[in-house]
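Please read the structure below before turning to the comments.
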Amino acid sequence: MEIFMTFIVYSFIGWIWETFYCSFKDRHFVFRGFLLGPYCPVYGFGVSAVLLLVPDTGNLFSLYLNTIVIVTVVEFIGSWILEKFFNMKLWDYSTLPFNIEGRVAVPVSLFWGIGCIILIKLVNPPVQNWIHDFNELTHSWGVILILMIFLADLISTFIFTISTKKEVLTMIDDSDKENATIKEFRLKHLFTNHETAANRVKVLDLLKNKPLKLKHYNLRRILKNYPNMNLTKKR
């Protein structure tokens, strides 16, 4: 139960970070995240994996190197899953040096390593205390409720996205190689958005002209809140 709560808490912290940063860039509120709830699981998986697999021996350099390896693996798998099952590329590091298939890159991993060190050393101790108190206060029923909500969110998002993507795949043009997500690590675009990808605009226009249905809601929300994403036909 504590492992799951650690995952949820850091997924929520990751959501806060991304929502704040992207809202600042867009000059309006941006609800980030692939799921409906306020969490970004890639952050939760990354930090939880580091806490489980990397022993804190007191050697910061060793901790930093091990952290980089784990978060890189988690980010690569997360990117592969999104593209394989949902035909979405929420980030692309193809223009960065030492990248692997555009899914991960050394400069990005170095940055995430620093962030994880800060979380482990400064943020995690009070977080673990809070999780312990929360479990005792709710007698673990609070954790079970959060787990049920998260699973319902995960399953519904998967079903809605799979059913909706069949309607939009015919509009995807893979000949357009420019993926605007690469702007995330172009210095001049740190605080402004790059020109959006053509595929994203096409699908947004399609969804706007369709009757409002629950299965279309999440895809439209993701497209609106990820101005730099791209859609692919890869399966």
Worksheet item: Has the range 77-94 got any residue that is surrounded by 15 or more Cβ atoms within 10 Å (Cβ to Cβ) and under 18 Å from residue 124 (Cα atoms)?
Response: no
Worksheet entry | From the options 24, 34, residue that is open to solvent by 10 Å² or more (accessible area, probe 1.4 Å), aromatic (Phe, Trp, Tyr) and assigned to a loop (DSSP other than H, G, I, E, B) | 34
Item to complete: Working only within the range 96-127, note down all residues that are in a helix (DSSP H, G or I) and of a type in the set (Gly, Ala, Ser).
Response: 109, 113, 115
Discussion item. For a quick check of your reading of the model, give me the residue pairs whose first member lies in the range 55-78 and is of a type in the set (Gly, Ala, Ser), whose second is assigned to a helix (DSSP H, G or I), with beta-carbon atoms closer than 9 Å and at least 6 apart or on different chains.
Written reply: 78/41; 78/42; 78/45; 78/46
Item to complete: Out of the residues in the range 153-188 that are open to solvent by 60 Å² or more (accessible area, probe 1.4 Å) and at pLDDT 60 or above, state the one that is nearest to residue 44 (Cα to Cα).
Response: 154
Discussion item. Looking at the range 119-136, I want the residues that are under 17 Å from residue 50 (Cβ atoms) and have a partner that is assigned to a helix (DSSP H, G or I) and of a type in the set (Asp, Glu) with Cβ atoms under 9 Å, at least 6 apart or on another chain. Which pairs are those?
Written reply: 128/2; 131/2
Worksheet item: Residues of the range 106-118 being touching a helix residue (DSSP H, G or I) at 6+ places or on another chain (Cβ under 8 Å) and free of Cβ contacts under 8 Å to residues at least 60 places away in the same chain, which ones?
Response: 109, 110, 113, 114, 117
Fill in: Top-ranked residue in the range 128-152 [being among the polar types (S, T, N, Q) and in a helix (DSSP H, G or I); ranked as surrounded by the fewest Cβ atoms within 10 Å (Cβ to Cβ)]
129
Worksheet item: Within the range 10-21, can you find the residues that are touching a helix residue (DSSP H, G or I) at 6+ places or on another chain (Cβ under 7 Å) and open to solvent by 40 Å² or more (accessible area, probe 1.4 Å)?
Response: 13
Worksheet item: Which residue, of 67, 72, is in contact with a Cys (Cβ under 7 Å, 6 or more places away or on another chain) and farther than 19 Å from residue 12 by Cα?
Response: 67
Practice prompt. Quickly run through the range 38-65 and pick out the residues that are surrounded by fewer than 18 Cβ atoms within 10 Å (Cβ to Cβ), at pLDDT below 85 and in a loop (DSSP other than H, G, I, E, B).
Written response: 55, 56, 57, 58, 59
Practice prompt. Could you tell me whether residue 107 is out of contact with any strand residue (DSSP E or B) (no Cβ under 8 Å at 6 or more places or on another chain) and exposed (fewer than 12 other Cβ atoms within 10 Å of the Cβ)?
Written response: no
Worksheet item: Is there a residue being at pLDDT 85 or above and closer than 21 Å to residue 9 by Cα anywhere in the range 85-108?
Response: no
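The values are calculated or read from the model by the stated rules, or taken from the named source; none is laboratory data. These figures come from a predicted structure and were not determined experimentally. In this analysis, Cβ positions are derived from the backbone assuming ideal geometry, glycine residues included, and neighbour counts consider all displayed protein chains. For the accessible areas, the whole protein counts, side chains as well, though only heavy atoms, and no ligand, DNA or RNA atoms are used. Shrake-Rupley method; radii C 1.70, N 1.55, O 1.52, S 1.80 Å.
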